[in-house]
Structure formats: structure tokens, C-alpha cells
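The values are calculated or read from the model by the stated rules, or taken from the named source; none is laboratory data. It should be emphasised that the depicted structure is a prediction, and the values quoted were computed from it without experimental measurement. All Cβ positions, even for glycine, are placed from backbone atoms using ideal geometry, and neighbour counts span all protein chains on display.
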Amino acid sequence: MAKALGQSSDLSGKVGLITYAQTKYGTVAYLRKKVTKIPRRSERQMEIRTQWVNLGAIYRQFNKTLKKAFEGLGNQMSVYNAFVQANINVVKVYISKQEKLNGGSVLAPYMITRGSMPSIVMTKNGSDVLVTDLSLGNLVITEATTVAQFSAAVIANNEDYVNGDQLTFFYGVQLVDAVTGVPRAKITGYKVVLDTQDGTALWNMVSALGFSSVQGSGGMVNGYCLGMNSVITNGAAAWVHSREDASGNLTVSTQFLYVDSTILASYQDESAFGSSAASYGGINTSAVYLDPKSYAAVIAGAAGGGVSPSGGGSETPSGGGSGTNTNGSNTTNSVAAPTFSGETQFTESTQVTMSGPAGASIFYTVDGSTPTDQSLEYEEPITLSATTTVKAIAIKDGVSSAVTSRTYSKVEGGDDEPGGDDH
């Protein structure tokens, strides 16, 4: 309860722990009780939360060029979520909330594509230049080399390459802001479609940075191979092989970014995790996983009433924590279910915004499963690029709401290959 300290001059508002209020008796000052904020995330939750920041930042750097980069996703998972799933707890990188708000990102050896085609192997040769296992035979690429000549060399000297295939080269630069010290990454893509009849100069289509003839590939091939034209320093690179069949299905090679960075290690250690965790409110070291008071509502929400994905963009709250129990009467400590907004039918992508009760945390899934407090925590609008059913709950003071479910449907169309011109 607030304690009146006495009267003051005509003031209103808050100063520190003191609130000034105008009453019919004049200005009254109240001393508010200082409340110690208890961190709401366990260490496991914070591990996920702090890694998620950099994953999202790096994914955005690809600027939609990774559409269809992960084969076999179906309708329940977007490429973004497949990217996060493939890399979280595999390559751990932590940046703080302040660095995120300032556009921070750190290049890391993330998986950027996953598919059924053979991977392009990358290594450094004796001159410390990054090269691939793609043989070019005797072809020495110059300014006069055409796409046709390059295509003929790739197809003749390597299995699994045919006319119409695409080679994409992604190159990332790692910078550090000289004023703020915030790490910033920039990624650029270059692509060429193999065509043995195309007389266009190759370097008019792509950059010599990733499309050069290099001798010496660590014994992988004889003669010349495809590689970079300079030593990679504080950067990242990867080549991707993709193919579209007559039905429009895209197959890709599985590739990881090759990273050479002087700052990466400093964002992967315990100190980086601690700083990042602190910026997001700290870790609740007293959280007990088996404590029924903390998880009973979540379990009840998952078991009661079931979850029915809805079509046509409607929201469907379900479960046992929405304020109505199974016999229809109102519960006492109810938490309202989250609400969604965003276009429910789209051709390229849509952004989903979630909102919930004041002071509640929202957790969501995009794979059809029922969300719990171990699911992804909502912090900012999420981008969907495939038909996806989003489910979410709100949790406040250990009490879970019902599950809200909404399906966002994609109307297929457009060129979705990695590195495509329309991205």
C-alpha cells in the first residue's frame, strides 16, 4: 500500500519512487513500494532467446534469397523457421538487446540450405584462398569468358550438373561500428544459370570475387577449380547448387557458411551469453521445472479441449486456461488468449503481429504443436513465407491462457530460387 509523505507544490507525475498526485486537498506525495523484478526465463529459455536474436538478424541479411532453400518443408513450416531449427543450439552466437536494436549481427557458420543434391565442398588452398571441389578443367576465367564457356567447363568436369542448373555465391562482410562497437554483417548474392548457348560475359552476370579459376584445391581436383579471387578476411562465403524440375520443384545442395572472423569467438563464450541474458532481463535461477505451480496451467491448457487449426483466417482459442473451464464456468485466475493480426492469404510473405494481456509473455509454435513456455517467445512480428498454422498462448504469473490458432495460407507464384533476381 502506498504511504502518504505529505503535501508539496503543484506537481504531478513520478520522480523516482515518489508519485505526486493532485487531490481536493492539494498535492500529495506517495512513496511507492520498490518491487524487485524477478527474471522470468530459465537458463534453458534464455539459451534459446539469446541465440534467436542473431539467427533472425543474419536471416534478414539474405533479403529473401533463401526462399525454398530447405527442401521438404510442407505447409506447416516456413523457410525462416527451418533456418532457425537447423542452427539453434548447433551454432551458438549471442548478441545483446542493445546490439540488436542498433542493427547488430555476427556472421557464423550457419546452415543456409538443406537439400538432396551433393554439397559443394569448400576449403582453403596453399595460398589461403577459399576454393571449391568444382573442377573447371583447363578453363582460366577472364573478362572475356562467356557464360557458355563457363557452363561447358562445369558440366563437362563435374557430375550432377546440367544446363539450366544455377550456381549461387553468397558473400558476407563482417564490420564493427567504429563509434558504437556494434557488429554488423552484410551479405550479397550472385547467381548464374548454366547455359552452354549464352554468349554473355560471365563477369557481367556475377562477381569475380566468387567466380574465378584457382589452381590448387587441396587435392580435391586436378587443374583449375572454382574459387574466390582473394583471401577472405572477416567475412563469410558459400556456393549453392540448385535445380528446378518441369513441375517447379526446387532441389538444392546442403551448404554452410564458411566464416573467417576475428570477432566470432567473442560472441560465443560464456561472457557473451551472460551479457546477452542480462540485457533480456536475466535468468531465473530459482525456476524449478517440476514445480506443479509453474506448469500445471500449461499442462491443463495442452490437455483440455484440444486444439483445432482453423481455416479462412479465424482465430480459435482452445484449452483449459482461457477463463472458462470445461463445464463453462469462469475460472478465477484467468489469462486472456493472445490475438493475431496479419494478412491470412498472401503470395510472397506476410507479417504476423501478436498481442496479449499486459504483463503476460506470449509463446508460439509454427509446426502444428501445442505451445508451452519452452516454445519460441514472441518479441516482434514474425514473417511467414509458406502456409503456416500459428499457435500461441499467453502466460502471466505462472497461469496459461487457452491456445489461439490461426492459419496463414500462401498462394504460390513467382521465382523462388536462391539468389533469384526478384528477391
* Structure fact -> Matching residues in region 97-121 (at pLDDT below 95 and not in a helix (DSSP H, G or I)) number 2
* To do: Identify all residues within region 98-131 that are farther than 15 Å from Val240 by Cβ, within 24 Å of the chain's Cα centre (by Cα) and buried (at least 19 other Cβ atoms within 10 Å of the Cβ); write none if there are none.
  => Glu99, Lys100, Gly104, Ser105, Val106, Leu107, Ala108
* Test: Asn138 is polar (S, T, N, Q) and farther than 30 Å from Lys64 by Cβ -> yes
* Asked: Within region 251-266, is there a residue that is assigned by TED's automatic domain parsing to the domain that holds Leu134, more than 15 Å from Leu134 (Cα to Cα) and modelled with pLDDT under 95?
  -> no
* Hey, among Asp195, Asp177, Asp165, which residue is acidic (Asp, Glu) and under 30 Å from Lys92 (Cβ atoms)? -> Asp177
* With (1) out of contact with any Gly (no Cβ under 9 Å at 6 or more places or on another chain); (2) crowded, with 20+ Cβ neighbours inside 10 Å as the list, and Gln197 as the residue in question, which single condition is left unmet? -> (2)
* Of the conditions (1) within 14 Å of Gly398 (Cβ to Cβ); (2) at pLDDT 90 or above; (3) not basic (Lys, Arg), Ala297 clears all except one; give me its number. => (2)
* Asked: Does region 263-281 hold any residues that are surrounded by fewer than 16 Cβ atoms within 10 Å (Cβ to Cβ) and over 26 Å from Leu66 (Cβ atoms), and which are they?
  -> Ser266, Asp269, Glu270, Ser271, Gly274, Ala278, Gly281
* To do: Those residues that are over 13 Å from the mean Cα position of the chain (by Cα) and crowded, with 18+ Cβ neighbours inside 10 Å, I need them from region 40-60; list them, please.
  => Arg40, Arg41, Ser42, Gln45, Met46, Glu47
* Structure fact -> Within region 61-83, residues buried (at least 17 other Cβ atoms within 10 Å of the Cβ) and free of Cβ contacts under 8 Å to residues at least 40 places away in the same chain come out as Ala82, Phe83
* Asked: Is it true that some residue in region 161-170 is of a type in the set (Asp, Glu), over 30 Å from Gly74 (Cβ atoms) and modelled with pLDDT of 95 or more?
  -> no
